[in-house]
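Asker: Structure in C-alpha cells, see below.
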Amino acid sequence: MGGYSTNLFYLLWRMFPELMVEKAPYRAEKVFAGQYGVLEFTQKEPLRDNACSIGGRKAKEIVSEKPGISPLLLTDFLLENSVFMRLSDISEKLPPFREEVVGVDMLTDQAEAYEGLERELRSACRQALARGDRSLLGALVNSLLAYPDGCRRGEEVFHPHTREFVAGAPPIEADLLPKEEKLLDLVQAEVSQGRKCLICLEHTGTRDLIPTLVERLEKVGISPLILRADNPPVAKREDYINRLGGYHDVMIANPNLIKTGLDLLEFPTLIFFQTGYSVYTLRQASRRSWRIGQDKPVKVYYLSYLNTMQETALSLIASKMETALAVEGDLSDKGLTALAESGSSMLIALARSLVDKQDVPGLEEAWQSYQQESLRADTFMGDQEPVETVTETTTTITQGDRQRTVTVTRIVRGRVYPKGKVGVGYVGERRLLFKAGQVFYKDRPVGEYDRTGNGQINGKAIQLQKDGNSFLLLELKPAA
C-alpha cells in the first residue's frame, strides 16, 4: 500500500533515523501509515442468497490511504525539530507596508435611516435578551454592518425563529454613496501611478454589491476582474488570476477567497470596502501582496462609515490584533490565534457594544495603538541582555525651596557605525538606520535623535556617545 505518506515516510527516515527506528521499521510504510496517516477501510459484502451461511464467501475488506496526517506526527517528530517563523522575521528586505483607516461620513438621509434602524434593533434586542433570547444578536450586527453600503435596497429584519418583523429601514436613492466615491478616488489615484488595486468586500452573496461596484468603476473607465467563490474553481484560481490579471488594473474579491494560498504581488494596493468582523481573515487577506518577491511599497486601506457598526467593528478588530501581537509570540496566524479570534466571539462583542453601550476605543486611536504595538513587537528596546552599564548619573534639581534627585543609568544597547550621511546601528541582531535625525527599522520610523545625539526609540530615551570610529547606542533609564 504505497500512497500519500510514502514520500514522507522515507523523508523522515533520512532526517530522524533514530526516531523512526522506534516508531516504524524501515520499509514498513503500512505501519507508518496506520499510525500517522489517514486510512479508509471499505468492506464489500457478496450480494447473493445465503451469503452469510456457513461456507459462504466472507466480506472483502479494502484498505486505502487518503490525504492527511495524524496530529501525532507533530508531537513525535516535528515540534522539537522545527523553527517557526513569521513573515516579519524575514521582512527586512521587503518593501514598506502601510495601513490606513479611512472614515467616511454618511449622507444625511442615509444617516437618519441608519439611526432609526439602530434604535429599533437595540430596543428589540434588549427585550429579547430580557426573555433570555439571544437569537437577534446576529441579525443586529449583520444588518447594521450591511445597511450603509446596501441602503439602496433598504433593510428588513425578521426574527430568525418566529419570522416576526423586528425592524426596518427605507431604501435610499443615491447615484453615488460617499464610500463609493472615496473608493473611486483611491482607485483612480493608485491606477494613475501604475499601481493595481485589489478591492475586498464581504457582501458577495445575498447582499451582493459586486455589480454595483463594477457599474461605478466602469463609469470612470476601469474594468475590474471579478473573483467569485465558484468561478473559477479553487484549484484553478491562481492560474485564472495570472492569466487575466494582466488585462485589468483592478480585481474585486471576497477576502475569504484570497486569505490563504495566493500571492497577489501584482496588486500592491489593497482596499477593504468592507471588513466584516473576523480578525483572522482580515490579517491573512491584508498581507496577500506583502510577500517575498514584492518590489513595490504595499498600501492597505480600510474604509468604514463613521459612527456606525462598521467603525465599531474596525476598532474592535484593531484591539484584538493588538492583543494577539502581545500574546501569540512566535506562533503562526493559523493556530491558536485563528481559534481565539473566531467570528462568533467578535459578533457577541459587537452586539454588546451596541446593546449595552459599552465603551469601544475610537477608530483612529485603536488603529494607532495597534500599529505602535506592531512596531514594538519588532523593535522593542531592552528585550535583550544589556552589553554593559556605562555610567550612573545623579542630578539634584532645585525648584524654590524644594530639591529632587534624579538618577539616570546609561545602558549600552548596541553600536552605530557611520557610513557617509547615515549610520547603521545594531541592537542584538536587529539592524537600525540612523538618517537625517530619524531612526528606521525595516524602512519604518521608530524614533528620532538630534545633533547632540539625544533622542528616543519607541518612547525610550537614547543617547549616541562617540567611541573611537563609531558610536555607542545608550539607553537612558531613570532609576525606579
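Values in this text are rule-based calculations from the coordinates and carry no lab data. Keep in mind that this is a model prediction, so the values were computed, not measured. A quick note on method: Cβ atoms are made from the backbone with ideal geometry, for glycine too, and the neighbour counts reach across all protein chains shown.
Asker: Which order do peptides 260-273, 128-141 fall in by mean Cβ count within 10 Å, highest first?
Answerer: Peptide ranking by packing, descending: 260-273, 128-141.
Asker: Among Leu137, Gly150, Ala113, which residue has its Cα positioned farthest towards the positive end of the charge dipole of the range 108-169, with +1 placed on the Cβ of Lys and Arg, -1 on the Cβ of Asp and Glu, and the dipole taken about the Cα centre?
Answerer: Leu137
Asker: What is the gain in length, in nm to one decimal, between Arg291 and Ile69 on full extension, counting 0.36 nm per residue of separation less the C-alpha to C-alpha distance?
Answerer: 77.2 nm
Asker: Can you run phi through the Karplus equation (6.51, -1.76, 1.60; θ = phi - 60°) for the range 167-173 and list ³J(HN,Hα) in whole Hz, with x for Gly and Pro?
Answerer: For the range 167-173, the Karplus curve yields 7, x, 9, x, x, 10, 8 Hz.
Asker: Hey, can you grab everything whose amide H is under 5 Å from the amide H of Met106? Only 5+ residues off in sequence or another chain; H modelled, so Pro and N-termini drop out.
Answerer: Sorted by chain and number, the residues that satisfy this are Leu306.
Asker: Now for a separate question. Pull up the cross-link candidates among the lysines for Lys30, meaning alpha carbon to alpha carbon under 28 Å and not fewer than 8 places away within one chain.
Answerer: Lys44, Lys58, Lys60, Lys66
Asker: Could you check the simple spin-label distance between Lys60 and Arg119, using points 7 Å along Cα→Cβ, in nm with one decimal?
Answerer: So the two model labels end up 7.5 nm from each other.
Asker: Modelled label-to-label distance, Lys460 and Asp105, 7 Å Cα→beta-carbon offset: nm?
Answerer: Here the answer is 4.3 nm between the modelled labels.
Asker: List, in order, the whole-Hz ³J(HN,Hα) value for each residue of the range 446-456 obtained from phi through the Karplus relation with A = 6.51, B = -1.76, C = 1.60 and θ = phi - 60°; use x for Gly and Pro.
Answerer: 10, x, 8, 8, 10, 5, 7, x, 8, x, 8
Asker: A further question on this structure: Given contacts defined as C-alpha pairs under 8 Å and at least six residues apart, what's the relative contact order of the range 215-269, whole-number percent?
Answerer: Over the range 215-269, the number comes to 41 percent.
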